[in-house]
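For reference, the structure discussed in these notes is given below.
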Amino acid sequence: MAKPPATDTNSFHVFDTDSFHVFDTTLRDGAQREGVSYSVADKLAVARLLDEIGVGFIEGGWPGALPKDTEFFARARTELDLRHAQLVAFGATRKVGVRVEDDAQVRALLDAQTAVVCLVAKSDVRHVREALRTTPEENLAMVADTVAFLVAHGRRVFVDCEHFFDGYAADPDHGVAVLETAFAAGAEVGVLCDTNGGMLPMSVGRVVADVRARTTGKLGIHCQDDTGCAVANTLAAVEAGVTHVQGTANGYGERAGNADTFALIGNLVTKMGLPVVPAECLPELKRVSHAIAELANIAPDDHQPFVGASAFAHKAGLHASAIKVSPELYNHLDPAVVGNDMRILVTEMAGRASIELKGRELGVDLAGQADAIGRVVDQVKVLEADGWSFEAADASFELLLRAQLPGAPAPLFELESYRTSVEHWGNGVVVSEATVKVHVPNDDGTTERVISTGEGNGPVNALDNALRQALVSRYPHLADVSLADYKVRILGWNGGTSATTRVLVDSSDGVGEWTTVGVHDNIVEASWHALVDAFTYAVRRR
């Protein structure tokens with residue numbers, strides 16, 4: 001299969017939704033992930049987001065079996081206006097010994113009023129006998145009856161052949177018979193499902209090629225990730241001839257999850273040259289991935305291929321030197337193709353090239369500042385040896401960098417002292433109080449001593465409020481700044497209470513967000529350093 005250069009998006013073919021299907025089942029299979037529970041409003045929002053990345057089909061759930069899914073399809077008819085995707089209702093073949101016309105669950109598939117229906121069918125003869133407790137002949141009749149019934153009512157039908165690969169190893173004929181029966185009844189796609197997720201790419205490719213030679217219809221692939229190979233297994237199946245792939249956003253799903261839709265699209269388009277989504281949708285991958293993570297209430301995976309925040313982040317100084325000359329030397333893809341960015345991480349491994357590149361990323365002009373760059377390199381190495389880390393704290397690093405440049409601005413204030421206290425009242429209420437004494441510069445060169453006291457639900461919150469009150473008259477913009485997140489990590493833990501503490505503070509002013517860091521043996525002092533940087537950055541960025 002031809003493979004265009006990784007960044008050559010002009011070589012991608014014209015998008016054709018009928019020749020190759022990207023089928024997303026985040027709202028059905030992905031919703032089986034432990035800890036995920038979408039409301040109907042969430043499901044509608046996820047469907048809109050998936051449509052924005054150009055998938056051809058969105059499986060919305062199982063109407064008739066789950067009340068939430070029944071409501072979703074009813075609301076979707078009036079609330080969803082999809083531009084690229086078709087909505088799919090999921091269900092099972094008719095029950096054993098029941099006429100298809102009398103099966104309430106099959107009727108519910110019609111009531112969902114989707115143009116496409118995906119049926120799950122048993123394709124492992126052992127499951128037919130032991131789970132369904134019926135004969136292989138009846139299983140084939142169930143497939144034929146249900147597919148023909150839905151097709152007769154104007155539905156496009158896809159069939160998920162459950163446990164196909166395990167069944168094929170036990171009996172290579174029944175699964176093929178299920179496929180051929182479905183095709184004969186009018187099904188458009190027969191999907192080979194690695195339901196237990198135990199396959200490896202070489203085995204998948206071999207089985208798919210064999211099945212491709214024995215069947216007449218369009219084949220698809222659905223892979224679980226129990227071996228960590230769901231994406232690789234899917235790509236191996238495509239190489240062997242399938243033209244319908246199923247995945248879930250961010251790989252969400254039961255147990256270890258499913259093939260990740262974003263990794264599938266990224267690989268199929270940029271590595272295999274297949275036009276599986278419209279070209280204009282590809283740069284939306286990162287944004288949509290993170291938006292769906294928020295709806296699922298799951299922190300985005302920074303190390304997720306293509307769309308993770310660290311997917312194009314470089315740390316070692318040796319890499320940075322080469323990237324300074326030519327970024328493509330250490331990136332497998334132009335990050336912008338999938339809506340991502342390259343980042344340079346500044347750590348104790350940083351060299352001069354890393355600092356220069358990071359400065360460029362932050363908009364700091366370091367031309368002719370060789371001495372300043374050298375001082376920053378040395379300072380970073382000393383600080384990181386003491387537990388500081390600037391990888392996730394760009395705002396603190398930018399302040400450190402600018403402080404070494406000529407004409408660096410003076411600090412916002414000079415600290416005289418601060419004090420915090422925690423009081424536990426008899427009714428169980430716990431209140432923290434902080435008092436700060438600072439000297440704030442005036443425009444005429446003089447300073448003003450300011451004493452401010454604030455309360456909060458903890459010493460850090462109280463310090464935040466007290467310092468803000470002390471500075472807001474001189475720096476009004478600080479009234480708009482709020483603490484968005486607070487993370488603590490204990491460094492060098494030995495079971496005692498004297499370990500070093502690293503604090504990360506995320507701040508926002510309603511326009512942007514930034515992260516600052518503080519390190520100290522005392523958690524309050526570490527928090528103070530991060531808060532001071534947060535306020536300083538808020539003022540400097542105006």
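The values are calculated or read from the model by the stated rules, or taken from the named source; none is laboratory data. These numbers come from a predicted model, not from an experiment. Cβ sites come from the backbone with ideal geometry, for glycine too, and all protein chains shown count toward neighbours. All accessible areas refer to the heavy atoms of the entire protein, side chains included, with ligands and DNA or RNA removed. Shrake-Rupley method; radii C 1.70, N 1.55, O 1.52, S 1.80 Å.
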| Would the range 290-311 turn up any residue that is polar (S, T, N, Q), crowded, with 22+ Cβ neighbours inside 10 Å and in contact with a helix residue (DSSP H, G or I) (Cβ under 7 Å, 6 or more places away or on another chain)? | no
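Considering each of Ala240, Ala187, Ala170 in turn, give the residue that is modelled with pLDDT under 95, more than 27 Å from His290 (Cα to Cα) and either out of contact with any His (no Cβ under 7 Å at 6 or more places or on another chain) or not acidic (Asp, Glu) (or both). Don't jump to the end; show me each part of the working.
On the way: Ala240 fails: modelled with pLDDT under 95; Ala187 fails: modelled with pLDDT under 95.
After applying the criteria, what remains is Ala170.
When you scan the range 404-422, how many residues do you find that are farther than 11 Å from Gly456 by Cα and not in a loop (DSSP other than H, G, I, E, B)? Spell out how you get there, then give the answer.
Going through the range 404-422, the residues farther than 11 Å from Gly456 by Cα turn out to be 404-419.
Then keep just the ones that are not in a loop (DSSP other than H, G, I, E, B); that gives 414-419.
The qualifying residues number 6.
Going by the conditions given, is Asp124 modelled with pLDDT under 95 and surrounded by 17 or more Cβ atoms within 10 Å (Cβ to Cβ)? Even if it seems obvious, please write down each step before you answer.
Numbers: modelled with pLDDT under 95: yes; surrounded by 17 or more Cβ atoms within 10 Å (Cβ to Cβ): yes.
Spelling it out, Asp124 is indeed modelled with pLDDT under 95 and surrounded by 17 or more Cβ atoms within 10 Å (Cβ to Cβ).
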Within the range 144-171, residues being touching a strand residue (DSSP E or B) at 6+ places or on another chain (Cβ under 7 Å), farther than 19 Å from Ala115 by Cα and in a helix (DSSP H, G or I) number 2
Scanning the range 162-198 residue by residue, those without any contact (Cβ under 8 Å) to a residue 40 or more places away in the chain, open to solvent by 50 Å² or more (accessible area, probe 1.4 Å) and within 15 Å of His127 (Cα to Cα) turn out to be Ala169, Pro172, Asp173, Asn196
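Across the range 86-108, what is the total count of residues that are of a type in the set (Val, Ile, Thr) and outside any helix (DSSP H, G or I)?
Step one: list which residues in the range 86-108 are of a type in the set (Val, Ile, Thr), which gives 88, 93, 96, 98, 100, 106.
From what is left, the residues that are outside any helix (DSSP H, G or I) are 88, 93, 96, 98.
Of the residues in the range 86-108, 4 are of a type in the set (Val, Ile, Thr) and outside any helix (DSSP H, G or I).
Looking only at residues that are closer than 15 Å to Phe413 by Cβ and part of a loop (DSSP other than H, G, I, E, B) in the range 445-463, which one is modelled with the lowest pLDDT? Walk me through how you get there before you give the answer.
At the first step, the residues of the range 445-463 found to be closer than 15 Å to Phe413 by Cβ are 445-452, 463.
Next, from what is left, pick out any that are part of a loop (DSSP other than H, G, I, E, B): 445-446.
Working: Gly445: 86, Thr446: 92.
My answer is Gly445.
Filter the range 377-412 down to the residues that are open to solvent by less than 50 Å² (accessible area, probe 1.4 Å) and either touching a His at 6+ places or on another chain (Cβ under 8 Å) or charged (D, E, K, R) (or both) and list them by number.
So in the range 377-412, the residues open to solvent by less than 50 Å² (accessible area, probe 1.4 Å) come out as 377, 380, 383-384, 387-390, 393-401, 404-405, 408, 412.
Selection gives Glu384, Asp394, Glu398.
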Going through the range 49-66 in order, the residues found to be under 20 Å from Val106 (Cα atoms), in contact with a Leu (Cβ under 8 Å, 6 or more places away or on another chain) and of a type in the set (A, V, I, L, M) are Ile58
Looking across the range 18-33 at residues that are under 18 Å from Ser289 (Cβ atoms) and in a helix (DSSP H, G or I), the single one that is least open to solvent (accessible area, probe 1.4 Å) is Gly30
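State all residues of the range 426-438 that are surrounded by fewer than 14 Cβ atoms within 10 Å (Cβ to Cβ) and in contact with a strand residue (DSSP E or B) (Cβ under 7 Å, 6 or more places away or on another chain); if no residue qualifies, say none. Explain how you work it out, then say what you get.
Initially, the range 426-438 is screened for residues surrounded by fewer than 14 Cβ atoms within 10 Å (Cβ to Cβ), giving 426-430.
The answer is Val430, and nothing else.
For (1) touching a strand residue (DSSP E or B) at 6+ places or on another chain (Cβ under 9 Å); (2) hydrophobic (A, V, I, L, M, F, W, C); (3) in a helix (DSSP H, G or I), each residue gets a yes or a no:
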residue: Gly35; (1), (2), (3): no, no, no
residue: Val46; (1), (2), (3): yes, yes, yes
residue: Val55; (1), (2), (3): yes, yes, no
residue: Glu59; (1), (2), (3): yes, no, no
residue: Thr78; (1), (2), (3): no, no, yes
residue: His84; (1), (2), (3): no, no, no
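May I ask you to verify whether Val189 is within 15 Å of Phe23 (Cα to Cα) and touching a Phe, Trp or Tyr at 6+ places or on another chain (Cβ under 8 Å)? Before you say what the answer is, go through the steps one by one.
Working: within 15 Å of Phe23 (Cα to Cα): yes; touching a Phe, Trp or Tyr at 6+ places or on another chain (Cβ under 8 Å): yes.
It is true that Val189 is within 15 Å of Phe23 (Cα to Cα) and touching a Phe, Trp or Tyr at 6+ places or on another chain (Cβ under 8 Å).
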Open to solvent by less than 30 Å² (accessible area, probe 1.4 Å), touching an Asp or Glu at 6+ places or on another chain (Cβ under 7 Å) and of a type outside the set (A, V, I, L, M): is that true of Thr261 in this structure?
yes
Only unsatisfied item for Val503, checking (1) in a strand (DSSP E or B); (2) more than 22 Å from Pro411 (Cβ to Cβ); (3) among the aliphatic types (A, V, I, L, M); (4) within 37 Å of the chain's Cα centre (by Cα), is (2)
State whether the residues of the range 133-144 include one that is open to solvent by 20 Å² or more (accessible area, probe 1.4 Å), without any contact (Cβ under 8 Å) to a residue 40 or more places away in the chain and of a type in the set (A, V, I, L, M, F, W, C). yes
Report task. For Lys286, state whether it is within 13 Å of the chain's Cα centre (by Cα), over 30 Å from Lys381 (Cα atoms) and among the basic types (Lys, Arg). Result -> yes
